[in-house]
Amino acid sequence: MHEHYVLHYPFKWLSGFEHDNFIGEWPSEPEFKFELKKTVHGDSEIVLGGLPNRPFAEGCVFRCWFALMCFSFLHHRPCKAELALSEPEYVDPRLKGVLGQLFNSDFSEVDSKVLGMVPYVRGSGERVKRLKITISGTVKRDAVDVAQEIQRWMWHPQFFELINDSKLRLALDLANLIGFEAPKQAKFILIISAVEALLPESEFSPEVQIVIKDWQTTLRSKIKRTPIPEEAKELQLLLDKTAFLQSPSISARFKSFASAHSPTEPNPDYLKLVSRAYTLRSDLVHKGWCDEDQMHQVYPVVYDLLRRAVKARLGAESAGATEKATEA
């Protein structure tokens, strides 16, 4: 049994912000040791020690995340921080030599390891090593002449038309944010929002518009003739809702837009996945959560949709843009 537990909570400032290392305690909670430090991985870490049991230590991940988000917003210091825990993985003594060569690190005094910038809990006597993940050579990119490409867009023949397209400007703003380090849920919402910004204005056909207007006229007439206040109020509520009948729903427009920008390689499940993506986005925004497995499944589908739609809006496909699609 461990004497106490320790929470390690790594995070990373995204704006080059620097802080001093600190070791101390909060006056009202002197039994819990607090450490804020810069790490050898180039990020930072909060270390909470003296925690009485594992459930309490695991719950403190919410305290760390909340504190960082408040600081980040109130002091304009964006940071990357995960609201999740990773379980340290036991290191087999027979593999320590191999791991040491692989990660160029000494594993002789290590019991367990974690990979990447993930929070974890350890017992006071457990020796855990956090390893930085470096992935190279997995993403193929074409060579790009940066100066030439920038100038191509600066002096684009349709520059004034494109720059005055407010929908395109908003979509580019949102698409650019996807490249920042952020939780995948936030990136997913940005992708869907960027696609929404590109949706064309849409209304039903004139014949359908006439039907809607006739219905509205009928409702107004009934409201004036109805002597019962409660009934008149209900009719008014119904009349108010007819304002949303002037055009198809956002989800229907989203699906139609996706159909107009379908991938070159046929995918029988494409529209089904796009529809599911919009539903998951609604779950995230309105409930604060969604099915993580489904989100990871539809993420590349809508990201590729966004890229195709932006390229089409820019005329980049015909202009011979050089960069190939890669997931953000």
Between Pro229, Pro263, Pro157, find the one with the highest GNM mean-square fluctuation for the chain; connect C-alpha pairs within less than 10 Å.
Pro229
Within the set Glu109, Glu35, Glu82, GNM on the chain using Cα springs under 10 Å gives the largest fluctuation to Glu109
Can you list which of the DSSP-assigned H helices in the chain have a Cα extent of 30 Å or more along the long axis and an average Kyte-Doolittle score of at least 1.0?
54-74
In region 152-211, what chymotrypsin sites (Phe, Trp or Tyr not before Pro) fall in a loop by DSSP, with at most 16 other Cβ atoms inside 10 Å?
Trp155, Phe180, Phe204
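So what are region 5-52's ellipsoid semi-axes, whole angstrom, largest first, if each one is the square root of 5 times an eigenvalue of the alpha-carbon gyration tensor?
Details: eigenvalues 98, 27, 11 Å².
Rounded to whole Å, the semi-axes are 22, 12, 8.
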Cross-link partners of Lys233 among lysines (Cα-Cα below 19 Å; sequence separation of 8 or more within a chain):
Lys222, Lys224, Lys241
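Identify the chymotrypsin sites (Phe, Trp or Tyr not before Pro) of region 214-290 meeting these criteria: DSSP loop state and at most 11 other C-beta atoms within 10 Å of the C-beta. Please list the in-between numbers first.
Numbers: sites: Trp215, Phe244, Phe254, Phe257, Tyr270, Tyr278, Trp289; in loops: Trp289.
Answer in residue order: Trp289.
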Can you give the Rg and Dmax of region 47-112 based on its C-alpha atoms, in angstrom?
16.8, 49
Cα-projected label distance for His76 with Glu3, points at 7 Å along beta-carbon direction, nm:
4.5 nm
Charged-residue dipole, Cβ positions (Lys, Arg, Asp, Glu), the chain about Cα centre, Debye nearest 20:
640 debye
For Ser259 paired with Ile210, estimate the spin-label separation in nm (one decimal), with each label point 7 Å from Cα along the Cα-to-Cβ line.
2.5 nm
Quick one: accessible area per residue over the chain, 1.4 Å probe, rounded to a whole number of Å²?
64 Å²
Residue with peak Gaussian network fluctuation, the chain [Cα springs, cutoff 10 Å], from Met117, Met154, Met295:
Met154
Quick calc: nm separation of the 7 Å Cα→Cβ label points for Asp304 and Asp165 -> 2.2 nm
Rounded, prolate or oblate: pick one for region 1-142, where a ≥ b ≥ c are the square roots of the eigenvalues of its C-alpha gyration tensor, a/c under 1.5 means rounded, and failing that, prolate if a/b is larger than b/c, else oblate.
oblate
Between Glu230 and Asp291, take the C-beta separation as r, use R0 = 41 Å, and let me know the FRET efficiency to the nearest 0.05.
0.50
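The values are calculated or read from the model by the stated rules, or taken from the named source; none is laboratory data. Note that the coordinates shown come from a computational prediction; the quantities given were computed from them, not determined experimentally. For neighbour counting, all protein chains shown are included, and Cβ atoms are generated from backbone atoms with ideal geometry for every residue, glycine included. Quick note on the areas: whole protein, heavy atoms, side chains included, nothing else; ligands and nucleic acids left out. Shrake-Rupley method; radii C 1.70, N 1.55, O 1.52, S 1.80 Å.
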